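One structure is given below, encoded as structure tokens.
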Amino acid sequence: MKTVLYARVSTVDQTIDHQRTQAEAAGFNIDAVLADQGVSGVHVPLAERPQGKRLFDLLRAGDTLVVRWVDRLGRNYADVSDTIREFIIRFNGGANALGIQGLKVIRFIADGSK
């Protein structure tokens, strides 16, 4: 089981290091960081971003996905809901979402158990 941080950096004020530091400060031991830089969350859905595509391939049951802000996954409701729905389908309903100190976490649970 691994913990994956997904970061999207679309402006000069945002950094991958900042997003990772905040995840680690909240107690997460990050095993992998996937980051898309200079990509709009409004115009490019997660599944079409280079590292977003990798995220779908990398995550397995038992893994935890951490994002600093939900808008790192997408900037519109349809994209974010489609992304979470896809994760739920892949893990047979075994995905829990929760917020910890402003971080958004999706934990993938084997066999759909909660």
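Read-outs throughout are calculated quantities, based only on the coordinates presented, and are distinct from any laboratory measurement. Only a predicted model underlies this, so the values are computations on that prediction, with no experimental measurement involved. FYI the Cβ positions are ideal-geometry reconstructions off the backbone, even for glycines, and counts take in every protein chain you see.
Near H43, once Lys and Arg are set to +1 and Asp and Glu to -1 for all other residues with Cβ below 14 Å from its Cβ, the sum equals -1. As a rough guide to protection, the peptides 24-31, 13-20, 59-66 ranked by mean Cβ packing within 10 Å, highest first, stand as 59-66, 13-20, 24-31. Between the amide H of V9 and those of D36, Q37, G38, V39, distances stay under 5 Å, these residues lying 5 or more places away or on another chain, with hydrogens modeled in the peptide plane.
The residues neighbouring L58, those whose beta-carbon lies less than 13 Å from its own, together hold a net charge of +2 under the Lys/Arg +1, Asp/Glu -1 convention. Pull out a ≥ b ≥ c, the square roots of the eigenvalues of the alpha-carbon gyration tensor of the range 1-94, then state rounded if a/c is under 1.5, prolate if not and a/b is larger than b/c, and oblate in the remaining case. The shape class here is oblate. Among R85, R90, sorting on how many other beta-carbon atoms sit within 10 Å of each Cβ, with the fewest leading, yields R85, R90.
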